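The values are calculated or read from the model by the stated rules, or taken from the named source; none is laboratory data. The shown structure was predicted, so the numbers you read here are calculated from the model rather than taken from an experiment. Neighbour counts run over all protein chains shown; Cβ positions are idealised from the backbone, glycine included. We work out accessible area using only protein heavy atoms, side chains counted, and drop any ligands, DNA or RNA first. Shrake-Rupley method; radii C 1.70, N 1.55, O 1.52, S 1.80 Å.
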Amino acid sequence: AVFHNGFEKSRRFNVLKDRNTFILNISNAEPSDSATYYCSVAYYTDIALADWTVLVLKDAPSSHFAILQHPVSAPVELGGDTTLQCSVLTDTSAGEHSVYWFRHGSGESHPGIIYTHGNRSDQCKSSSETDSSTQSCVYKLPKRNLSLSDAGTYYCAVLMCGEIILGNGTKLDFVAAVFHNGFEKSRRFNVLKDRNTFILNISNAEPSDSATYYCSVAYYTDIALADWTVLVLKGSPTRLSAVLQHPVSDPVELGGDTTLQCSVLTDTSAGEHSVYWFRHGSGESHPGIIYTHGNRSDQCKSSSETDSSTQSCVYKLPKRNLSLSDAGTYYCAVLMCGEIIFGSGTKLDFVGKIKYLKSTVEIPGDRQLLLDNGTLTAIRYQDEILGPVVKPYAGAVGPGFLLVHNNARPHVARVCRQFLENEGIDTIDGPTGSPDLNPIEHLRDIMFLSIRRHQ
């Protein structure tokens, strides 16, 4: 245990852990130890209050009482309901007390009283311990049909024996929007959450606000595009066009099919446009053009909104019987009014493995290579595995690719080592003894065991 704020100098305090329980021991307790002790649990950046104990010792200088405010347990949404809770812990000899609720809204100079419980004792319960003189009183403040005016910090205050003590406050907030790239300086943009919908409000809209606004959803490290809106305001300096590329929805397999999609959003007065597809493979210095849609307007639909001058054009690029040479990033580019705009790109990658006898080489694609005829020689290993399988895969992965194979004679033969050196393919040196010492064998066992546990 690590102690702070002067407690590190005292040897009367120590912490023990018994399975999932943490115990704070105080030896040679003194009247000055009378206080409320809180136990909180931290998990990364989240801190939650687990429990608390009011300690009142005989000959303590005064009657002790503490106010504990609980954080809102569930996400708060506009139009929804929530209940704020306040616990007052005191000794039974302290007499009656009154409870007040205050709200401090953003921009207000001081909190304002909104509710009082008056003198109430029916919400109090004495401690279950025989020798304890403490009691706990719980007060709740329900909030219904929440609106933005309800946002703020709510304080529970207790008036007792001529003394008033405020709780630590419960913050009632709605979607906390964080702006970047200069938008944090503008107060014209704000974000609201209404149940499962996020709303971006722009007040006092200006022509410079004309743009394409994307709504994306992040879940841990995965980011997905949910929707987008093209905003064209009267008096905007230029005609706007946006190129949106959709990620591949299904896993891509070697030999399978997929369709790449590109949406072009523009205003109807912008005239005709041409669409081009480029592919940038690993190791290539620049993307190469592979297909053009030419001047096409039959794939465009005008916005359903009456006053909208925008239209959406969808272009698709089907890919059939996929091979490793199809791997890469595909860019959709739009040529309009002498200007060319590129999309963000759609990455086409493969996932799968190739199996050879008892060994498994992880490569893109769901494909099996089985050598059933004869013995595997160095020449066959080079011609049937390294050349047609490993070489294209290494090119698709790019720098950083490492080949893991053991010290079987075909693997380490001079002809194979020379082939790998000429192709610039690096390998991980395996142990000279048993293949069981190869780390990849144990990694595979761990992976398979984990998969079976979750099936």
Checklist entry - So how much slack lies between ALA177 and ILE114, counting 0.36 nm per residue of separation and subtracting their Cα-Cα distance, in nm? => result 20.0 nm
Checklist entry - When the chain is fully extended, how far beyond the present Cα-Cα distance does THR36 get from THR83, taking 0.36 nm per residue of separation? => result 14.5 nm
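Pulled fully out, how much extra length does the chain show between LEU231 and ILE290, if you take 0.36 nm times their separation in residues and subtract their Cα-Cα distance?
18.1 nm
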Checklist entry - If r is the Cβ-Cβ distance from ILE165 to SER302 and R0 is 56 Å, what FRET efficiency results, to the nearest 0.05? => result 0.30
Next on the checklist: Exceeding 31 Å between C-alpha atoms, which entries from my cross-link table qualify? They are LYS9/LYS58; LYS171/LYS347; LYS125/LYS171.
Outcome noted: LYS171/LYS347
Item to check | FRET efficiency, 1/(1 + (r/R0)^6) with R0 30 Å, evaluated for ILE340 and HIS246 via beta carbons | outcome: 0.90
Checklist entry - With every protein chain left in place, what is the accessible area of ASP383 in Å² (1.4 Å probe, nearest 10)? => result 90
Item to check | Value of Rg/Rh across region 141-193 [Cα atoms, Kirkwood radius] | outcome: 1.17
